[in-house]
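The values are calculated or read from the model by the stated rules, or taken from the named source; none is laboratory data. Remember, it's a predicted structure, so these values are computed and weren't measured experimentally. Positions of Cβ are generated from backbone atoms using ideal geometry, with glycine treated the same way; all protein chains shown enter the neighbour counts.
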Amino acid sequence: MSELPRTPSFRLEGRRALVTGASSGIGLGCATALAQAGASVVLAARRVDKLEAAVAALRAEGHQAEAMRLDVADVEAVRAELAKTGPFDCLVNSAGLARHGPASETTVEDFDRVSSINLKGAYFLTQTVAKGLIAAGRPGSLINISSQMGHVGGIDRAVYCATKFAVEGFTKALAIEWGPHRIRVNTIAPTFVRTELTQASFADPARRAWIEENIKLGRAAEIADIMGAAVYLASDASAMVTGTSLLVDGGWTAH
C-alpha cells in the first residue's frame with residue numbers, strides 16, 4: 001500500500017501572534033481566527049475599551065488573549081513596546097486609515113496621516129517584529145492587510161491606492177531579504193468588506209453599484225471571508241508562500 005502525503009497543519013498551538021487594528025472589523029476577525037486555531041494572541045489598537053471587551057469574549061471561550069494599547073504611527077512607541085513583549089511568531093497588521101476623495105482635493109495633512117499608518121506604520125511594525133524574530137533565531141509569518149486597491153485603481157482612492165501599492169512593493173522586498181531567516185512576508189488583499197469603515201461607501205447608491213458590478217461573485221465580502229486567509233498564511237499550510245498577495249476580492253481584479 002502506498003504511503004499517502006500528509007496535509008500540513010493549520011493549527012497554531014505554541015505560537016504567539018500580534019494583531020493590530022484588532023478592536024473591530026478585519027483585525028478583530030483575524031485575531032479571533034488565530035486564537036481559535038490555537039495561537040496565543042495579543043490584540044493591539046488605540047481603543048483600549050473595545051480591546052478589553054474582545055479579549056474578555058475570547059477568554060470566555062477558552063482562548064489565550066491579551067490587550068495592548070498601540071498606535072502603529074508612533075514608531076518609537078511601537079519599538080519600545082515590542083522590545084518588552086516580543087518576539088511574536090506571527091504578525092497580522094490590520095491597522096489602517098482611509099480618507100477618500102478626489103485626487104484634485106487631496107490635502108497634505110490627509111496624505112501624511114494616511115501614509116503614517118498605512119505605509120510608514122506598516123513598514124516599521126513589520127521591521128520591528130522581524131528584528132525580534134531574527135534576534136531570537138526563530139521563523140515567522142508576517143502578514144499585512146493590504147487591499148485589492150494595492151493592485152488596481154479606484155474612484156476617489158488615489159492616496160489609499162498609493163499606500164497599498166507601496167505595501168505590496170515592500171512585502172516583496174522584505175520576503176527576499178528575510179527568506180534566509182525563514183521569515184515569510186505576505187499580504188491579504190480584500191475587496192470591500194462590510195465593516196464600520198465601509199458603511200459610507202455602501203450607503204452611497206453610486207458607490208454601491210460600482211462595488212456590486214465589479215465583484216464577480218455578486219456580493220461584498222464579510223469579515224469571515226478574511227479569517228481563513230489569515231489562518232492559512234500564519235500556519236505551516238503556507239510554508240512555501242512568501243512575497244505574494246492573497247487576493248480575497250471576489251474576482252474584482254480578474255479582468
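Identify, from the list ARG182, ARG194, ARG208, the residue that is in contact with a Pro (Cβ under 7 Å, 6 or more places away or on another chain) and either closer than 20 Å to THR128 by Cα or surrounded by fewer than 21 Cβ atoms within 10 Å (Cβ to Cβ) (or both).
Numbers: ARG194 fails: in contact with a Pro (Cβ under 7 Å, 6 or more places away or on another chain); ARG208 fails: in contact with a Pro (Cβ under 7 Å, 6 or more places away or on another chain).
Just one listed residue meets the conditions, ARG182.
Do we find that GLY121 is crowded, with 21+ Cβ neighbours inside 10 Å, out of contact with any Ser or Thr (no Cβ under 7 Å at 6 or more places or on another chain) and farther than 19 Å from ILE176 by Cα in this structure? Give the derivation first.
Working: crowded, with 21+ Cβ neighbours inside 10 Å: yes; out of contact with any Ser or Thr (no Cβ under 7 Å at 6 or more places or on another chain): yes; farther than 19 Å from ILE176 by Cα: yes.
So GLY121 passes the test.
Checking the structure you have, find out if any residue of region 144-153 is part of a strand (DSSP E or B) and on the phi < 0 side of the Ramachandran plot. If you could, list the steps in order and put the result at the bottom.
Let us first name the residues in region 144-153 that are part of a strand (DSSP E or B), namely 144-145.
Subsequent filtering for residues that are on the phi < 0 side of the Ramachandran plot retains 144-145.
Yes, region 144-153 contains a residue that is part of a strand (DSSP E or B) and on the phi < 0 side of the Ramachandran plot.
Among the numbered criteria (1) at pLDDT below 95; (2) farther than 24 Å from LEU174 by Cβ; (3) not in a helix (DSSP H, G or I), which one does LYS50 miss?
(3)
Got a sec? Which of GLY132, GLY101 is at pLDDT below 95 and farther than 25 Å from ILE223 by Cβ? Even if it seems obvious, please write down each step before you answer.
Working: GLY132 fails: at pLDDT below 95.
Just a single option satisfies the conditions, and that option is GLY101.
Among the residues of region 125-154, which ones are within 18 Å of ALA229 (Cα to Cα), among the hydrophobic types (A, V, I, L, M, F, W, C) and in contact with a strand residue (DSSP E or B) (Cβ under 6 Å, 6 or more places away or on another chain)?
Across region 125-154, the qualifying residues are LEU142, ILE143, ILE145.
Looking at (1) in contact with a helix residue (DSSP H, G or I) (Cβ under 6 Å, 6 or more places away or on another chain); (2) not in a loop (DSSP other than H, G, I, E, B), find the lone condition where ALA22 falls short.
Every condition holds for ALA22 apart from (2).
Residue by residue, here is whether (1) in contact with a Pro (Cβ under 9 Å, 6 or more places away or on another chain); (2) of a type in the set (Gly, Ala, Ser) holds:
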site: ALA122; (1), (2): no, yes
site: GLN127; (1), (2): no, no
site: LEU133; (1), (2): yes, no
site: ALA136; (1), (2): yes, yes
site: GLY140; (1), (2): yes, yes
site: SER147; (1), (2): yes, yes
site: GLY150; (1), (2): no, yes
site: GLY153; (1), (2): no, yes
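Evaluate the following for VAL72: is it in contact with a helix residue (DSSP H, G or I) (Cβ under 7 Å, 6 or more places away or on another chain) and assigned to a helix (DSSP H, G or I)?
Working: in contact with a helix residue (DSSP H, G or I) (Cβ under 7 Å, 6 or more places away or on another chain): yes; assigned to a helix (DSSP H, G or I): no.
Answer is no for this residue.
Tally up the residues in region 164-205 that are hydroxyl-bearing (Ser, Thr, Tyr) and farther than 23 Å from ASP225 by Cα, please. Even if it seems obvious, please write down each step before you answer.
So in region 164-205, the residues hydroxyl-bearing (Ser, Thr, Tyr) come out as 171, 187, 191, 195, 198, 201.
Add one more test, that the residue is farther than 23 Å from ASP225 by Cα, and what stays is none.
Qualifying residue count for the region: 0.
Are there helices (runs of 4 or more DSSP H) fully within region 155-214 with at least 1 residues that are in contact with a strand residue (DSSP E or B) (Cβ under 7 Å, 6 or more places away or on another chain) and touching a residue at least 60 places away in the same chain (Cβ under 8 Å)? List them. Steps first, answer last, please.
Working: elements: 158-178, 199-203, 205-214.
Helices (runs of 4 or more DSSP H) meeting the threshold: 158-178.
Give just the number: which of (1) in a helix (DSSP H, G or I); (2) touching a residue at least 60 places away in the same chain (Cβ under 8 Å); (3) not β-branched (Val, Ile, Thr) does GLU109 not satisfy?
GLU109 satisfies every listed condition except (2).
Looking at (1) surrounded by fewer than 23 Cβ atoms within 10 Å (Cβ to Cβ); (2) at pLDDT 95 or above; (3) not hydrophobic (A, V, I, L, M, F, W, C), which is the one condition that is false for ASN214?
Evaluating ASN214 over (1) surrounded by fewer than 23 Cβ atoms within 10 Å (Cβ to Cβ); (2) at pLDDT 95 or above; (3) not hydrophobic (A, V, I, L, M, F, W, C) leaves (2) as the failure.
Of the numbered conditions (1) touching a residue at least 40 places away in the same chain (Cβ under 8 Å); (2) part of a loop (DSSP other than H, G, I, E, B); (3) over 30 Å from ARG157 (Cα atoms), GLY101 fails exactly one; give the number of that condition.
Every listed condition holds for GLY101 apart from (3).
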